[in-house]
1. Return the residue satisfying two criteria in turn: it lies in region 38-73 and is of a type in the set (Val, Ile, Thr), over 16 Å from the mean Cα position of the chain (by Cα) and farther than 13 Å from residue 23 by Cα, and of such residues it is modelled with the highest pLDDT.
2. Does residue 34 satisfy being part of a loop (DSSP other than H, G, I, E, B), among the aliphatic types (A, V, I, L, M) and either surrounded by 13 or more Cβ atoms within 10 Å (Cβ to Cβ) or at pLDDT 90 or above (or both)?
3. For region 1-28, enumerate the residues that are in contact with a helix residue (DSSP H, G or I) (Cβ under 7 Å, 6 or more places away or on another chain) and at pLDDT 95 or above.
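The values are calculated or read from the model by the stated rules, or taken from the named source; none is laboratory data. Note that the structure is a prediction, hence the values are computed from the model and not measured. Backbone-built Cβ (ideal geometry, glycine too); neighbour counts: all protein chains shown.
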Amino acid sequence: MTERWVRFEHAGTTRFGVLRDDRITIFEGDMFGAPRETGDSVELAAVKLLTPTAPSKMIALWNNFHALWAKVE
């Protein structure tokens, strides 16, 4: 049986859990710390899967955009 951690939206709430076959066992707390199983689960078909983590910031290096810089000047 393959298990994967997933982040998902269900009933307007973002949650995370472990996907086993076609069911997600729901966890709470910190996914990267000490997650606790809630005892609830949901069908995979009933949720919208999200990216594994929510980005907190985006970092871009100006040096990667020499052509854009030339247009600005």
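1. To start, the set of residues in region 38-73 that are of a type in the set (Val, Ile, Thr) comprises 38, 42, 47, 51, 53, 59, 72.
In the following step, the residues that additionally are over 16 Å from the mean Cα position of the chain (by Cα) were identified as 38, 42, 59, 72.
Of the ones still in play, those that are also farther than 13 Å from residue 23 by Cα are 38, 59, 72.
On the way: 38: 97, 59: 80, 72: 67.
Ranking the qualifying residues of region 38-73, first place goes to 38.
2. Here the answer is yes, as residue 34 does meet what is asked.
3. Initially, region 1-28 is screened for residues in contact with a helix residue (DSSP H, G or I) (Cβ under 7 Å, 6 or more places away or on another chain), giving 10, 19, 22-24.
Selection gives 10, 19, 23, 24.
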